[in-house]
Amino acid sequence: MSSEILNEFLKENLEDLKEKGLYNVIDPVEGANGPVITIAGRELINLSSNNYLGLATDRRLIEACIEATKTYGVGAGAVRTINGTLDIHVKLEEKLAEFKHTEAAIAYQSGFNCNMAAISGVMDKHDAILSDELNHASIIDGCRLSKAKIIPFIHSDMDDLRTKARQAKESGLYNKIMIITDGVFSMDGDIAKLPEIVKIAKEFDLITYVDDAHGSGVLGNGAGTVKHFGLSDKVDFQIGTLSKAIGVVGGYVAGKKDLIDWLKVRSRPFLFSTAATPGAVAASIEAINILMNSSELQNKLWENSDYLKKGLKELGFDIGESETPITPCIIGDEAKTQQFSKRLNEEGVYAKSIVFPTVPKGTGRVRNMPTAAHTKEMLDSALAIYEKVGKEMSII
Ligand code: PMP
């Protein structure tokens, strides 16, 4: 017998979301999440995955995953601090530190719980966090969990950040103060102003925390946004995910040895959630080896993203100011954006619409994620469909 209060709450709120067009219907992908996907039996050019380098379906990673699964089994069997730490978890962490040019690294089961773990593992109610207003949801939740005072600053506005950093410091209210930013912002593709952030942090003795989920494997010769700016020894927390360019699943913090040692004894998902699967760990190691030994995939990614951006721009679409492969196609009106995405889908392109409240009102967009795995023919077909639907809907 289920609770009447719960039943009423769910019914009312689900209906409300559906009425407002905010109820997200999930379309399962039938097969691999590659450059072309099948949904409901239809083949679509996929411009919506974070599989930047195409590694999610790379044979070398698949082999590494299979071999590790044969050796270690499908599960790690325990949390890291009991006996779930397998030698390959340690190998992955050593590899990540090498990849990120830091003393050490700690791996988690996802990027989301990595942010929850790392922020709340170090910050508490006596501290303050200066957080870019466009930071990812997992950062926001990690900040909330820490109980630190959250002070949002205007997106990438360094004057606002400096003013708020000074006020926080001079108030004398906080033990520790941290600045948190995404390295690359996932909705517009812009890069955080890390040189200035690091300068402000130095001026007021603040901790720096960069979540580079969308920069790793993409910028800085693969090593990410911090390396791109030559700041590897100047950022305290370098966060990454193994789920995007790396193509697998998992998250990590790279930093000084003492920081990593602390997180190993104090961050709760490390202590209380079962370690990542051996297959995922081995595939991640293989991916990092590939990234460290060749820039072929990154070059292909950039070539494809330049090609798509140029094509969309020439057609007359507004693609914003992205500095990375993330390519928004800004439509504006929410209903029109959703209709545009639907029509693209009907014609053969899978590109998701992103509207308020994920992005500000009136800036609805279809977000395109080109990858290294797309061929020119696929991108040309996508552009032809964009042209057809754009003209039909008087967008271009
Ligand atoms: N941080 C950022 C900036 C992200 O974009 C994402 C993924 N959407 C995450 C963290 C979470 O990573 P994961 O998918 O590995 O949990």
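What is the local net charge at residue 48, summed over the other residues whose Cβ is closer than 13 Å to its Cβ (Lys, Arg +1; Asp, Glu -1)? Write out the running numbers ahead of the final one.
Values: positive: 244, 352, 365, 367; negative: 27.
Spelling it out: positives minus negatives among the neighbours equals +3.
So what's the net charge close to residue 357: Lys and Arg +1, Asp and Glu -1, counting the other residues with Cβ under 12 Å from its Cβ?
On the way: positive: 20, 361; negative: 334.
That works out to +1.
Find the eigenvalues of the gyration tensor of the Cα atoms of the stretch 240-357, then list the square roots of 5 times those eigenvalues as equivalent ellipsoid semi-axes, largest first, in whole angstrom.
Each semi-axis is the square root of five times an eigenvalue, giving 37, 20, 15 Å.
Could you tell me which residue out of 317, 278, 360 lies farthest along the dipole of the stretch 242-363 toward its positive end? Charges go on the beta carbon: Lys and Arg +1, Asp and Glu -1, centred on the Cα centre.
The one lying farthest along the dipole's positive direction is 278.
What is the magnitude of the charge dipole of the stretch 3-112 about its Cα centre, with +1 placed on the Cβ of each Lys and Arg, -1 on the Cβ of each Asp and Glu, and no other charges, expressed in debye to the nearest 20? Please report the intermediate quantities before stating the final value.
Working: 11 positive and 17 negative charges, 85 e Å.
Around 400 debye, computed over the stretch 3-112.
Name the long-range amide H neighbours of residue 36: under 5 Å, sequence gap of 5 or more, or other chain; modelled H, no Pro or chain starts.
46
To the nearest µm²/s, what D does Stokes-Einstein give for the stretch 26-72 at 37 °C and 0.692 mPa s, using the Kirkwood radius over alpha carbon pairs as Rh? Show your work: numbers first, answer last.
Details: Rh = 12.1 Å.
Result for D is 271 µm²/s.
Roll a 1.4 Å probe over the protein chains and send me the accessible area per residue for the stretch 121-161 in Å². Let's see the in-between values first.
Numbers: 1830 Å² over 41 residues.
It amounts to 45 Å² per residue over the stretch 121-161.
May I ask for log10 I(q)/I(0) of the stretch 1-44 at q = 0.22, 0.25 Å⁻¹, from a Debye sum over the Cα atoms as equal point scatterers with solvent left out?
-0.74, -0.81
Percent of accessible area on the chain owned by carbon and sulfur, 1.4 Å probe?
Details: 9810 of 18400 Å².
Ligands and nucleic acids excluded, carbon and sulfur give 53 percent.
Relative to the present Cα-Cα distance, how much length would full extension add between residue 144 and residue 70 at 0.36 nm per residue of separation? Let's see the in-between values first.
Numbers: separation 74, 0.36 × 74 = 26.64 nm, distance 4.04 nm.
That pair, residue 144 and residue 70, stretches by 22.6 nm at full extension.
Measuring from label point to label point, each 7 Å out along Cα→Cβ, what is the residue 256 to residue 318 span in nm?
With each label point 7 Å from Cα toward Cβ, the separation is 4.5 nm.
Over 27 Å, how big is the tail of the calculated P(r) for the stretch 182-312, in percent of all Cα pairs? Mind dumping the intermediate values first?
Details: 2114 of 8515 pairs.
In whole percent, the share of Cα-Cα pairs in the stretch 182-312 beyond 27 Å is 25.
Taking square-rooted eigenvalues a ≥ b ≥ c of the alpha carbon gyration tensor, is the stretch 206-266 rounded, prolate or oblate, where a/c under 1.5 means rounded and, failing that, a/b exceeding b/c means prolate? If you can, show how the numbers build up before the last one.
On the way: a/c = 2.50, a/b = 1.23, b/c = 2.03.
Oblate, since a/c reaches 1.5 and b/c is not below a/b.
Lys and Arg at +1, Asp and Glu at -1: add these up for the other residues within a Cβ distance under 15 Å of residue 27 and post the number.
Details: positive: 42, 342, 352; negative: 30, 43, 346.
Around residue 27, the surrounding residues sum to 0.
With the Cα gyration tensor of the stretch 296-396 in hand, convert its eigenvalues to equivalent ellipsoid semi-axes via √(5λ) and list them largest first in whole Å.
So the three semi-axes of the stretch 296-396 are 22, 15, 11 Å.
Please state the relative contact order of the stretch 1-110 as a whole percent: Cα pairs under 8 Å, 6+ residues apart? Mind dumping the intermediate values first?
Values: 61 pairs, mean separation 11.0, N = 110.
So the answer I get is 10 percent.
Give, to the nearest whole percent, the P(r) tail of the chain beyond 27 angstrom, counting all Cα pairs. Provide the component values of the computation, followed by the final result.
Values: 41937 of 78210 pairs.
So the portion of pairs separated by more than 27 Å is 54 percent.
Treat the stretch 1-138 as a sphere of radius equal to its Kirkwood radius over Cα pairs and apply Stokes-Einstein at 37 °C in a medium of 0.692 mPa s; give the translational diffusion coefficient in µm²/s, rounded to a whole number. Walk me through the numbers on the way to the answer.
Numbers: Rh = 20.2 Å.
So the translational diffusion coefficient is about 163 µm²/s.
Remind me, relative contact order of the chain in percent, using alpha carbon pairs under 8 angstrom and six or more residues apart? Let's see the in-between values first.
Numbers: 782 pairs, mean separation 84.3, N = 396.
Value for the chain: 21 percent.
Is the stretch 103-225 best put as rounded, prolate or oblate by its Cα gyration tensor, with a ≥ b ≥ c the root eigenvalues, rounded for a/c under 1.5, and otherwise prolate when a/b is larger than b/c, oblate when not?
Since a/c reaches 1.5 but b/c is at least a/b, the shape of the stretch 103-225 is classed as oblate.
Per residue, what accessible area does the stretch 287-396 have, given a 1.4 Å probe and all protein chains present, in Å²?
Values: 4890 Å² over 110 residues.
Spelled out: the 1.4 Å probe surface of the stretch 287-396, per residue, equals 44 Å².
The values are calculated or read from the model by the stated rules, or taken from the named source; none is laboratory data. For clarity, every value in this text was computed on a predicted model and none was experimentally measured. For neighbour counting, all protein chains shown are included, and Cβ atoms are generated from backbone atoms with ideal geometry for every residue, glycine included. To get the accessible areas, we keep the full protein, side chains included, count just its heavy atoms, and leave off ligands, DNA and RNA. Shrake-Rupley method; radii C 1.70, N 1.55, O 1.52, S 1.80 Å.
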